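The structure appears below as structure tokens.
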Amino acid sequence: MKNFKLKYVIVAAAIILAGIFPFITGEYYRHLGILTLMYAVLALSWDFAARAELVSFAHTGFFGLGAYTSALTFLKLGFPLYLSFAAAVLLTIVVAIALGYLTLRLSGIYFAIATLAFSEVLLVVALQLPNVTGGAMGISVPSLFGGMRVYSYCLILGILALAVVVSIYLERSHYHLAFSAMRTSPGAASVLGVNTVRYRLASFTLSAIFSCLAGAFYVHYTTTTIPYEAFSLTIGVASMVMAVLGGLYSTAGPVLGAIVLKIIEEYMRVTIPYGYMIIYGLILVAGILFLPKGLVGVQKKWKFLK
Amino acid sequence: MEILKIENLKKRFGGVKAVDGLSFSVREGEILGIIGPNGAGKSTLFNLLCGLMPLDAGRITFSGEDITSLSPHKRCHMGIGRTFQICQPFKELTVLDNVAIAAVFGNSKTVRPWVVKKYSEEILEKVGLSIKKDLYPAHLTTPDLKLLEIARALATSPKLLLLDEVMAGLLPGECDRILKLIRCINREGITVILVEHVMRVVRELCERVIVMNYGQKLCEGCYEDVAGDKRVIEAYLGREETGAQ
Ligand SMILES: Nc1ncnc2c1ncn2[C@@H]1O[C@H](COP(=O)(O)OP(=O)(O)O)[C@@H](O)[C@H]1O
Ligand SMILES: [Mg+2]
């Protein structure tokens, strides 16, 4: 009972802090906060796929797809911002379902490789269509909300809130049963009536949608991107590492993982002038070794029927 | 009335013909025994029946419908339930949730969301696992895991239940408990196909027995006829009886 109350106090404090953060800090911290929230969205989105036992590198592809679709519909078709986001999400849904169907029979490392290939193909397409995408020179868009970071912060916080709501729903509904059954034994799950194809596609598509939203946000926020950045594997790997270190199959885990790792990374970057990435890498290794279940891995499993 | 009919079923793994031209039908309400030495293809037959593996050739008709290429969850919804020879509990879920999943996904037409809990508890009550409902599978003993397999299959309200060696590795007393349970399940109108090595159980439960060997049907009949058949004694009983009992 005590733990129960403490948990809600912590969650309430976190929500309040997240809400007032941009108003009590300067531009530098606002910027850092925005990137952290974006990575929290990515880490959570990576976890959505992981819940159905999908180790995916397609997030890089969907991030870039979101960035490019949103930027191009905004620039070339004159879509307003929200419509350019919607267009990116729609395209992502179509592509994710198609890719999901094509890779239905693959699991584990084979699925990972197929999704990696998908991201690489998108990178090549972005590079090879200079008339549409600007090729290696990349694209530029006007700055989001006229450069008012507070608004950008609110937008990405809103996207994260949406991802959190989706995540909690997945965690507390029949999806939880289906996913954990599919992780243990997909065969037994299907024999007991779980349409494993549907749940696998649902998890993959939801996951793609939030990577796409993060990408769409990113390009408008930074105002410019190139294919090697928007389709950079670093994005996919970082989301995976944050989700794993924070604690898989949970809402708090990936979010916490993103916050903690982003803070550590930034602290290292400003305090250690040379080779901070090496120390950062060592911290990641130590994290995996000593916290195999992640930061929130020790919490109790949720029960469908109490 | 026949509930299941299979015709010329074939499945091979590389050079191994696991199921090789098997045909038989199952009458509604009966308990059909399937016996045969290890590697005879019994578990593979179950995998073909519930749709976990695609078959190479043949046809499966269930309740008058051709289900040959139907996916496993659809066959479950039609009324085919099964247990696994090697228990496959969902280890992240409690015993109660293990049953709930079958009720929620395998039986959503009759079990509305608000009665899932009551329904799942009733199923556990029936198999005698009520007091363990909040435990995780890691804390269950072998007989309890077998009962959980049966409970989950029952929660989908099957018309046909495929039981794959549910007595393997159990003590005689524990066998008796499951034997009674199977009899009780059958009295409620559920047709059962029982793959079993414990001959006493087959003798007591099955009106009809099919003997498999190398993926084929060796012979078929009541227990006494089959047990006296010379080919069966050669293929199976002669070598296996002392070991299996
Ligand atoms: N998934 C599989 N892959 C390859 N071979 C298999 C597979 N499943 C079963 N077999 C082979 O098929 C044959 C029949 O196996 P099985 O159906 O398990 O027999 P039983 O249940 O009667 O002991 C065996 O030779 C076994 O090695
Ligand atoms: Mg077997």
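The values are calculated or read from the model by the stated rules, or taken from the named source; none is laboratory data. Computed from a predicted structure; not experimentally measured. Positions of Cβ are generated from backbone atoms using ideal geometry, with glycine treated the same way; all protein chains shown enter the neighbour counts. Note: areas computed on protein heavy atoms with side chains; ligands, DNA, RNA excluded. Shrake-Rupley method; radii C 1.70, N 1.55, O 1.52, S 1.80 Å.
Within the range A:178-219, the residues that satisfy the criterion of being within 12 Å of chain B (Cβ to nearest Cβ) and among the polar types (S, T, N, Q) are A:Ser180, A:Thr184, A:Ser185, A:Ser190, A:Asn195, A:Thr196. In the condition set (1) at pLDDT 95 or above; (2) open to solvent by less than 10 Å² (accessible area, probe 1.4 Å); (3) within 16 Å of ligand 2 (Cβ to nearest atom), B:Lys146 is compliant with all but (2). Among the residues of the range B:91-106, those that are at the interface with chain A (Cβ under 7 Å from one of its Cβ atoms) and of a type outside the set (Asp, Glu) comprise B:Lys91, B:Leu93, B:Thr94, B:Leu96, B:Ala100, B:Ile101, B:Ala102, B:Val104, B:Phe105, B:Gly106. Of the numbered criteria (1) more than 24 Å from the chain's Cα centre (by Cα); (2) on the phi > 0 side of the Ramachandran plot; (3) open to solvent by 10 Å² or more (accessible area, probe 1.4 Å), the one A:Gly147 fails is (1). When we screen B:Leu135, B:Leu161 for residues that are surrounded by fewer than 21 Cβ atoms within 10 Å (Cβ to Cβ), modelled with pLDDT of 95 or more and either within 14 Å of the chain's Cα centre (by Cα) or more than 16 Å from ligand 2 (Cβ to nearest atom) (or both), the only hit is B:Leu135. Pull up the range B:167-198, narrow it to residues that are at pLDDT below 95 and within 16 Å of ligand 2 (Cβ to nearest atom), then point me to the one that is nearest to B:Lys42 (Cα to Cα). The extreme case among them is B:Glu196. Just one of the numbered conditions (1) within 15 Å of the chain's Cα centre (by Cα); (2) over 23 Å from B:Arg208 (Cβ atoms) is not true of B:Asp56: (1). Considering the range A:202-304, the qualifying helices (runs of 4 or more DSSP H), each wholly inside and each with 3 or more residues that are open to solvent by less than 20 Å² (accessible area, probe 1.4 Å), run over A:233-246, A:252-271. Contact map, the range B:45-60: residues that are under 17 Å from B:Val195 (Cα atoms) paired with residues that are more than 10 Å from ligand 1 (Cβ to nearest atom) and open to solvent by 30 Å² or more (accessible area, probe 1.4 Å), Cβ distance under 6 Å, separation 6+ or inter-chain. Pairs shown: B:Leu48/B:Leu55. Among the residues of the range B:196-213, at least one is open to solvent by 10 Å² or more (accessible area, probe 1.4 Å), within 14 Å of ligand 1 (Cβ to nearest atom) and away from chain A (no Cβ under 14 Å). Of all residues in the range A:259-278, those that are over 19 Å from A:Gly246 (Cα atoms) and free of Cβ contacts under 8 Å to residues at least 60 places away in the same chain have Cβ atoms under 9 Å from Cβ atoms of residues that are loosely packed, with under 12 Cβ neighbours inside 10 Å and among the β-branched types (Val, Ile, Thr), 6 or more apart or on another chain, in A:Ile272/A:Ile278; A:Tyr276/A:Val270.
With respect to the conditions (1) under 30 Å from B:Val16 (Cα atoms); (2) more than 16 Å from ligand 1 (Cβ to nearest atom); (3) more than 12 Å from chain A (Cβ to nearest Cβ), B:Pro143 falls short on a single one, namely (1).
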